[in-house]
Every structure is written in C-alpha cells, then in structure tokens.
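The values are calculated or read from the model by the stated rules, or taken from the named source; none is laboratory data. Only a predicted model underlies this, so the values are computations on that prediction, with no experimental measurement involved. Using ideal geometry, Cβ is built from the backbone for each residue, glycine included, and neighbour counts are taken over all protein chains shown. Accessible surface is based on the protein model in full, side chains and every heavy atom, while ligands, DNA and RNA are left aside. Shrake-Rupley method; radii C 1.70, N 1.55, O 1.52, S 1.80 Å.
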Amino acid sequence: LRSIAFYVAGLFRSAKEDQVLFLSSGIAFNGILCVIPVLLLITSLLGIFLSSSRFPAQRVDEILNAVFPLQPYAQQIKATIKDVLEDIIRFRSKFGISGLAVLVWTAASLFGSIRTVLNKIYRVKPTKFVLRRILENMALVVLLGLLFLVANAFTWMIVYADSLLRELPGLESV
C-alpha cells in the first residue's frame, strides 16, 4: 500500500514538473484546429453529392418545402439556403483542394506538437533544422493518409472476395 502511494505521488510530481496539462492542452488545440479543414472537405463532398445525377435539385426543393412553412420569413430563409447550396456546388473543387492543403498543414502542426511534447517529457534536445522537421511532419501526414487508403482498400478487397466466395456453389457455409 505504501509503495502504491509512493508511486502515485511520484507520478503527480513528475506530471507537474513536465507541465503535462499545459502540453496536453496544446495538443488538444492543434487537434481542434484540424477539424476546420475536415469541415471544408465535408463541404466539398456535399457539393459533389448535390451535383451528382443521383440527387436531383427537385429533391432539395422537396426537402426545403417540407421543412419550412409558407410564411415570408421562412421563404427568405429557404432562398438563402438554396443560394448557399448553389455556392457549395459551384465551389466544391476549391473547397476540396483548400481543405486538403490546410488539413496537411494543420495535421503537420499536430505531429509537430506531439513531437515537441514527447521531446520535453523525455528531455530530448531537437537536433534537426526547423524546416526539415516541418517537411518531415508533412511527409508523415501524407504517409499516414496513404496508409489509411491502403488499409481501407484491403478491407474493401477482403469484403469483396468474401462476397464472391459466398456466391460459389458449395462454399455458402464457409
């Protein structure tokens, strides 16, 4: 029991010396900053979805007519929403490109924050040039994105192969 109390006290003392709460708030801030470009990418995907032939403009009108009553203020809100949706459709590629660029930058900043925090906690002095660290962080972001796509591609291939195998005669129970 004494050794547990000693361990917990040492843990709190070490956390206070390393300023863990301050450092974790910096990481959390950079994580929240990464949400902004993700929202731009979602907006771009919404523009792609709305401009596709699978979702006609009539459907948007039906949804807005169902949601908003026929009062003048509601019609003004409906017209404003339609204008915003038209802008989203028109600028979807710009939203996507800018969202992707800003996401790489903010995610690289997040990697840099994590690296800085780990260097401070483990008392490691950075030896690399600042520009090189920024480029490494951006390369890590791109590599992480590629690994994410590869992992998803493998998952899709396995699901597709499984569905093909289930269609073969005699292999339904496998």
>> One quarter of the convex hull surface, Cα atoms only: what value does that give for the chain in nm²?
In response: 20.8
> Considering only DSSP states other than H, G, I, E and B, which chymotrypsin sites (Phe, Trp or Tyr not before Pro) in segment 87-137 qualify as loop sites with at most 12 other Cβ atoms within 10 Å?
Replying inline: Tyr122, Phe129
> Which trypsin sites (Lys or Arg not before Pro) from segment 35-115 combine a DSSP loop assignment with at most 12 other Cβ atoms within 10 Å?
Replying inline: Arg54
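How big is the dipole moment of the chain about its Cα centre under a simple scheme where the beta carbon of each Lys and Arg is +1, that of each Asp and Glu is -1, and everything else is neutral? Debye, nearest 20, please. Walk me through the numbers on the way to the answer.
On the way: 18 positive and 11 negative charges, 209 e Å.
Magnitude of the dipole: close to 1000 debye.
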> So how tilted is helix 35-51 from the main axis of the chain? Cα-based, degrees 0 to 90, rounded to 10.
Replying inline: 20
> Put a dot 7 Å past each Cα toward the Cβ at Leu70 and Val150; how far apart are the dots in nm?
Replying inline: 6.1
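Across the chain, how many lysine pairs, 8 or more apart or on two chains, come within less than 25 Å at their alpha-carbon atoms?
5
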>> Just to confirm my numbers, what's the Cα centroid distance between segment 88-105 and segment 31-83 in Å?
In response: 17
> Taking the Cα centre of segment 34-174 as the origin and placing charges on Cβ (Lys, Arg +1; Asp, Glu -1), which of Val150, Ala74, Val104 is farthest toward the positive end of the dipole?
Replying inline: Val104
> So how do 63-73, 140-150, 27-37 stack up, highest first, on mean other-Cβ count within 10 Å?
Replying inline: 27-37, 140-150, 63-73
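How much FRET efficiency would the formula 1/(1 + (r/R0)^6) give for Ile81 and Ile32, where r is the Cβ-Cβ distance and R0 is 30 Å, rounded to 0.05?
Values: r = 27 Å, r/R0 = 0.90.
It comes to 0.65.
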> Relative to the longest principal Cα axis of the chain, at what angle does helix 2-17 sit, 0 to 90 degrees, rounded to 10?
Replying inline: 70
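Calculate, for the chain, the solvent-accessible area per residue in square angstrom, rolling a 1.4 angstrom probe over the heavy atoms of the protein chains.
Details: 13530 Å² over 174 residues.
On a per-residue basis, 78 Å².
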> According to a simple spin-label model (label point 7 Å from Cα along Cα-to-Cβ), what is the distance in nm between Asn119 and Arg132?
Replying inline: 1.2
